[in-house]
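Notes for the one structure printed next.
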Amino acid sequence: MTHFPAPPGSTHVLRLCSVFEPPSAARPAGAGALDGELEHRAARFDPIGGMQNHTASLTRCLDAQGHTQTVVTSRLAGPRGTTRLGRAARVHRTGLPVSRLRQLWALGALRTALHRTVRPVDVVHAHQGEDLATLPLARLAARRHRCPLVVTVHCSVGHTLRGRSPRARLLRALGSRIERAALRRADAVVVLTGRTAAALRDDGVPAERIATIPSGFDPSLFSGSHDDVFPGAGRPRIGYVGRLAPQKRADLLVEAFGRMRRPADLVVVGDGPDRDRVRQLAAGSPHADRITLAGFVEHTAVPAVLASLDVLVLPSAYEEMGSVLTEAMASGLPVVASDVGGIPEVVCDGGTGLLVPPGDVGALAAALDRLAADAVLRARLSAGARARATDYAWPQLAARVAAVYAHVREGDAARAAVA
């Protein structure tokens, strides 16, 4: 892992990301923190997930550290426009509210991303997820502003993405080429796990340009006590918190819960395109009376949700890292998760949680039965999770990102002096 020196001063960052924390207007008027669901269009857009929370938390922390930021992102199902975040960050949401043509947000973003601001842009920071538009837009912006380009890889389409759908196949075939070309030319590449760092080195990205900085949690949200938000659910309480999307396989958790032999309750918190499938499976489960479907919650409500659980489950088919895992550890929750992607770098099998083969419903049910039956094991894993969470606090992680900015700016200044 490459370590960069501490940043010497304020930086103006142009942050480009296909998704960002949605505006509050994306939720229906009058919806409660736990029982309000996104309307159907918003659910199809996957409005809340790890990348959205990552980019928003990083922006807030860097704002608190004195940096200026211009964020350009898609509108998703929310309104188009510009909002303020913190002291000196502006979030520009653009694009069309059309789920099948989401990449068109980048065309709407061109004007804002290429516009010369009063204060020159010092660094363009692109956040690469499961999309094809962000990296070309970022390369154009870096060229326009004559500044370094930093890329954070939230999901490598060449090395992490799985699936046999036409979309997944297109992303792997075309997206991996775009990704490889852009990362080789970036001044710095931030990855979430060592696994991806090694894969990118094999792709030809120089090791000295790669920094491994994971996603984290906001300590201010996870301090203090919280009331039980599921008082009607029994114990032990197994939970899922996240997008209801094919990648996450919340449907497998509902199936595994139906096979459990030990008494427990299941709480599923989230919304997304797999919502109807999860509901159908829950309704048909032999333990349907012990399943709670809570719907969408704001990210600020997640700490209270996690504090109300006994075990968190992340049964993903593929995962770069799984940022909810760090929040679960901060809450002292044992985790049952798929042994896939970067998850094993976060979850220590037998130390902070249990790992199971991806897609194996039987193994998942057995792991849940094991934890449901053994309070001593849950307590031991909980202690291990809290201890490990100290490595994932966002203020420290954001400072490391700022150090990357300082490093590439110094390199850019040195090249300009030589020229």
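The values are calculated or read from the model by the stated rules, or taken from the named source; none is laboratory data. All values derive from a computational prediction rather than experimental measurement. FYI the Cβ positions are ideal-geometry reconstructions off the backbone, even for glycines, and counts take in every protein chain you see.
Points worth noting:
- Scope the stretch 58-99; condition charged (D, E, K, R), more than 20 Å from Tyr405 (Cα to Cα) and not in a strand (DSSP E or B); matching residues: Arg75, Arg80
- Yes/no for Ala88 being exposed (fewer than 15 other Cβ atoms within 10 Å of the Cβ), assigned by TED's automatic domain parsing to the domain that holds Val189 and of a type in the set (Gly, Ala, Ser): no
- From the list Gly242, Gly258, Gly224, the lone residue that is in the same structural domain as Val361 (by TED's automatic domain parsing) and closer than 30 Å to Val401 by Cβ is Gly242.
- Condition met for Ala301 (surrounded by fewer than 20 Cβ atoms within 10 Å (Cβ to Cβ), part of a loop (DSSP other than H, G, I, E, B) and among the hydrophobic types (A, V, I, L, M, F, W, C)): no
- Residue within the stretch 75-86 that is under 22 Å from Ala64 (Cβ atoms), in contact (Cβ under 8 Å) with a residue 12 or more places away in the chain, in contact with a helix residue (DSSP H, G or I) (Cβ under 9 Å, 6 or more places away or on another chain) and not aromatic (Phe, Trp, Tyr) present: yes
- The set of residues in the stretch 228-287 that are over 29 Å from Ala379 (Cβ atoms) and basic (Lys, Arg) comprises Arg243, Arg275, Arg277, Arg279.
- Considering the stretch 65-78, the residues that are over 18 Å from the mean Cα position of the chain (by Cα) and within 13 Å of Phe20 (Cα to Cα) include one that is modelled with the lowest pLDDT, namely Ala77.
- Sole residue being hydrophobic (A, V, I, L, M, F, W, C), in the same structural domain as Ala56 (by TED's automatic domain parsing) and assigned to a helix (DSSP H, G or I), chosen from Ala126, Ala113: Ala113
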